[in-house]
Every structure is written in structure tokens, then in C-alpha cells.
Amino acid sequence: MTIQNSKNMMIEFLGTPEAGKTTTIHRLQKELSKKYTISIMQEAAEIVPSYFPKGSIAAHFWMRLNTAKNILEYQFSTDSEVLLIDRGLFDTLFWNYYYSSISQLSTEVAQLANKFFQNIGIKNPDLVVYLSTKPDEAINRRGGEGRIVTLDFLKNFNSLLDEFIKTIPVPVFHLDTTGLSKDDVFKEVLHNLPL
């Protein structure tokens, strides 16, 4: 399969923390840049200002608005043929779903936020790459539990993400990276891209 309108090719990566999303994106950029002009949209969680309390709803919405801004800018730019998105629109919608499920965000507010993000003109990605890993493997990869990313958090996260992913209206490629090397993950994702 080849790119029909390469200017608009967007591939979003989402999934379990430590499943290999960012590592795979950077390896894909290097490989795909041999044939295409590639841009990466950095994960908003990596650049959230430190004055937002970690894990807060305020930080969540800052990240989501930053993600929306970046996707909109790409849609109107001519800088690259392919955008690799490290947690984009559907990740935004998932986190609204997640916070609603743990009662940190009302269902009504989550639905309003989702309608906002879906109705401001953000184009859906052409493909969602869903990388998951078992909770114990994720904890091992990160060197232990953190304040927010714990074994219980990851079990709930994976369960909710598995439910949510079924609602995504674009093609999804799912790969469980448990027990796979970084090379295996990269090769499998590359093989399944619509390029």
C-alpha cells in the first residue's frame, strides 16, 4: 500500500507505558526518512510545564490542548510527508475515558471534551499503532514502580485501553511487545505500516 496523499499521512502511536512507542518512532523516523520527509510529534507528557502537578486534571488538559495544537499545525504545514505521533488524538480521547472511569472527571465533562477535540477540525490519523505490554514487563522495563505508574495502575490502564481501542474508527495495528526485542518490535511495526 502506498501513500495516497502523503502530505496528510499521520500515524499515531499509543499504548501501555514502556511498551516501546517512543523508541520505535525514532527508529522508524531514521528508516522512513530514506524515502519520505518525516516529522515526529513529541509526547506532550514529556514537555508539560513543571508548575502543573504531575497527574493532575490541569496537566492532563494542558497536554491534550498542546496535542491538538500540534496536530492542527501539521495538517496545514508542508514541512513533511509523514507525521509520526507519539500519543495523539486517540490517546487524548482515551485519557478522558480513563479519568472518567476513575471518577476524576465526570462522564459529562469527558464527553464534552471529546466532542471538542473531535469537532475542531483535527483529522483522524490514517493508522493507530497500539503497542501494549504486560504490566509486570512494563514495571521491569522502567526499573520499578513509580508514584503514578504502579502494577495496579497498569492492570487497570491495559484493561481500559483494550476496551477503548475497539471504539477507534480508523485502522489499528496492535502488537503486544511482551518478550520482544526492540529490533523485533521495530521490524513488525515497519512491516505493518501503510507506506
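Coordinate-derived values only; no laboratory data. In this text, all values refer to a predicted model and were calculated from it rather than measured experimentally. Quick reminder, even Gly has a Cβ in these numbers, built from the backbone with ideal geometry, and neighbours come from all protein chains shown.
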(1) 16.3, 46; (2) 18.0, 61; (3) 21.4, 78, with the label sought being that of the calculated Rg and Dmax of the Cα atoms in Å: (1)
Can you list the residues, at least 5 places off or on another chain, whose amide H is less than 5 Å from the amide H of Leu127, using H built in the peptide plane? Met10, Glu12
Chymotrypsin sites (Phe, Trp or Tyr not before Pro) restricted to DSSP loop in the stretch 31-135 with at most 16 other C-beta within 10 Å: Tyr36, Tyr51
Residue-wise, which Karplus ³J(HN,Hα) couplings in Hz belong to the stretch 173-187, taking 6.51 cos²θ - 1.76 cosθ + 1.60, θ = phi - 60°, and x for glycine or proline? 10, 10, 9, 7, 8, 4, x, 8, 6, 4, 5, 5, 4, 4, 5
Please give the charge dipole size of the stretch 122-195, origin at the Cα centre, charges +1 on K and R Cβ atoms and -1 on D and E Cβ atoms. Round to the nearest 20 debye. 200 debye
For a quick check of your reading of the filter: which trypsin sites (Lys or Arg not before Pro) in the stretch 100-195 sit in a DSSP loop and have no more than 16 other Cβ atoms within 10 Å? Lys123, Arg147, Lys166
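Just want the ordering: Thr178, Thr167, Thr16, from fewest to most Cβ atoms lying within 10 Å of their own Cβ. Write down the numbers at each step before the final one.
Working: Thr178 14, Thr167 10, Thr16 24.
With the fewest neighbours first, Thr178, Thr167, Thr16 line up as Thr167, Thr178, Thr16.
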HN-Hα J in Hz across the stretch 120-131 - Karplus 6.51, -1.76, 1.60, θ = phi - 60°, x for Gly and Pro: 8, x, 6, 6, 5, x, 6, 8, 10, 9, 9, 9
Here the stretch 155-160 yields Karplus 3J(HN,Hα) values (6.51, -1.76, 1.60; θ = phi - 60°; whole Hz; Gly and Pro given as x) of 4, 5, 4, 4, 4, 5
About its Cα centre, how strong a charge dipole does the chain have in debye, to the nearest 20, once Lys and Arg get +1 and Asp and Glu get -1 at the Cβ? 280 debye
The chain, helix-only ellipticity at 222 nm - DSSP H runs n ≥ 4, -39,500 (n - 2.57), divided by all residues, nearest 500: -15000 deg cm²/dmol
Among Gly121, Asn66, Ser77, whose Cα lies farthest out toward the positive end of the dipole of the stretch 6-188, if unit charges sit on the beta carbon of Lys, Arg (+1) and Asp, Glu (-1)? Ser77
